[in-house]
1. Only one of Arg286, Arg230, Arg220, Arg295 is in a helix (DSSP H, G or I), of a type in the set (D, E, K, R) and surrounded by 10 or more Cβ atoms within 10 Å (Cβ to Cβ); which?
2. Go through the range 298-335 and count every residue that is among the charged types (D, E, K, R), at pLDDT 90 or above and surrounded by fewer than 22 Cβ atoms within 10 Å (Cβ to Cβ).
3. Does the range 41-53 contain at least one residue that is surrounded by fewer than 20 Cβ atoms within 10 Å (Cβ to Cβ), in a loop (DSSP other than H, G, I, E, B) and of a type in the set (Asp, Glu)?
4. Please give the number of the condition Tyr82 fails out of (1) touching a Gly at 6+ places or on another chain (Cβ under 9 Å); (2) farther than 18 Å from Ala270 by Cβ; (3) surrounded by fewer than 20 Cβ atoms within 10 Å (Cβ to Cβ).
5. Would you pick out the residues in the range 69-79 that are surrounded by 14 or more Cβ atoms within 10 Å (Cβ to Cβ) and out of contact with any Lys or Arg (no Cβ under 7 Å at 6 or more places or on another chain)?
6. Just checking, which of Met65, Met122 is on the phi < 0 side of the Ramachandran plot, outside any helix (DSSP H, G or I) and either of a type in the set (Val, Ile, Thr) or within 16 Å of the ligand (Cβ to nearest atom) (or both)?
7. Among all residue pairs at least 6 apart or on different chains, which show Cβ distances below 7 Å where the first residue, located in the range 241-257, is farther than 21 Å from Gly193 by Cβ and the second is among the aliphatic types (A, V, I, L, M) and assigned to a loop (DSSP other than H, G, I, E, B)?
8. Kindly state which strands (runs of 3 or more DSSP E) lie completely within the range 132-198 and contain at least 1 residues that are within 16 Å of the ligand (Cβ to nearest atom).
Amino acid sequence: MKTILSLSISALVFFISLLPLEAVAHGERAQMPQLRMRTVHWLDVQVSTAKLAVNEVITIKGQFMPSKYWPHHVNSIEDTAYLNIGVPGPSFVRLDSRVNGVPMIRSTSFRYGELYDFEVTMKARKPGRYHVHPVINVKGTGPIIGPGIWVEVTGSFADFENSTTTLLGKKIDLETYGFSNVVFWSALWFSVGLAWFIYWLTKCPIIVPRFKRAQELGTRADEMITTWDRRIAGGFLLLTLGLIAGGYLYAQEQYPITTPLQTGRVDVPAIERAPNPVSIKLIEARYRIPGRSFRLEVEVTNRGDEPITVGEFAAGNLRFINSAVLKVKPLDEHDLLAPDALRVEGGPVAPGETKRLVIYADDAMWETERMTTMIASPDAVVAGLLHFYTGTGKRYLVEFGGPMIPVFG
Ligand SMILES: [Cu+2]
């Protein structure tokens, strides 16, 4: 019996090891397709360098646009949001982060359909290879992650330096500042707690027998507590209050000037942008499962003075490029970019014209990035960004969104 069991366990382990388990950094594929498509559209995300040494500085910048099709059941980015960077562990320290030029030390909120510029500057702390993502943390929703870029940090952690000068002109090392204080107070409170615990452990009988005795004594159970118990407890109470008051007075004396952690909110004003002459109406969105093909039929109105064509279709951090309009190279081997996967039927839209276009985004990426589970959603609404280009290289961004119809044959 035992042999059969151990054999089947080994077989199970063996077959699990055969499964193509690729190490994907943060489960970006695990996030529901609707969340990826209908929350934040990220664009032009780039890093200043893909390789740097410990203590060197890297900048991640780009743009993002909160979707107008934000799901109703997901807490809104118009409430409370915070710009961050997603990397495994404290591998970088953030020196500065800005949205539309406004420092992002605190939380803020972003408007649906508005285009924001962001920039985050970080210093490399630990050597390694990291998948660096811009992230917006939305209160009640969690992290909404942008595209990841691989960054390699070389050098040695021992060389990392992180010192700063306080407002009072004192130079401190942020890696170790206040650490001994944390150790001292943690150890002190732990020992007080432990001493209290040990005192009651010595009062035999304990736990179940003591509980039983308390049950037996009924209303007279208080008699189990002796005068000495009360004296000791009083001592512990005095010690605790004394430590709290003493610690407070000591801190006041040692650090007379302090500023509290800032928890207020900051507003990000919108950037004045040129008016967008392109508008669209979604006629139909279909996803053909066997062909991994997304078909979009839209009515495009061009109020500009140049003909426009669709150069890019972006949804859920996947980018499909119309190679006839745009030549784009992947940033690294994991860039979710299909450089020649967009087909546009209907030709350019002339100035003043309203025209139907049929757009096909066909690529295995829908499958490999697990976007196809969108067909299993009870709320099969999709959204994405269409990038229209003029002959002179001007770009107009238009968001599309609406219900998606799956096609099985
Ligand atoms: Cu990642």
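The values are calculated or read from the model by the stated rules, or taken from the named source; none is laboratory data. Since the model is a prediction, treat every value here as computed from it, not as a measurement. As a convention, Cβ positions derive from the backbone with ideal geometry for all residues, glycine included, and neighbour counts pool all protein chains shown.
1. Numbers: Arg286 fails: in a helix (DSSP H, G or I); Arg220 fails: surrounded by 10 or more Cβ atoms within 10 Å (Cβ to Cβ); Arg295 fails: in a helix (DSSP H, G or I).
Criteria check complete, one pass: Arg230.
2. Within the range 298-335, the first condition is being among the charged types (D, E, K, R), and the residues that meet it are 299, 303, 305-306, 312, 319, 327, 329, 332-333, 335.
Then drop every residue that is not at pLDDT 90 or above, which leaves 299, 303, 305-306, 312, 319.
Then drop every residue that is not surrounded by fewer than 22 Cβ atoms within 10 Å (Cβ to Cβ), which leaves 299, 303, 305-306.
The total comes to 4.
3. no
4. (1)
5. If the condition is that a residue be surrounded by 14 or more Cβ atoms within 10 Å (Cβ to Cβ) and out of contact with any Lys or Arg (no Cβ under 7 Å at 6 or more places or on another chain), then Val74, Ser76, Ile77 are the ones that fit.
6. On the way: Met65 fails: either of a type in the set (Val, Ile, Thr) or within 16 Å of the ligand (Cβ to nearest atom) (or both).
Criteria check complete, one pass: Met122.
7. Pairs that qualify, where the first residue is farther than 21 Å from Gly193 by Cβ and the partner is among the aliphatic types (A, V, I, L, M) and assigned to a loop (DSSP other than H, G, I, E, B), are Ile257/Leu168.
8. Working: elements: 142-145, 149-154, 163-165, 171-173.
Ranges flagged: 142-145, 149-154.
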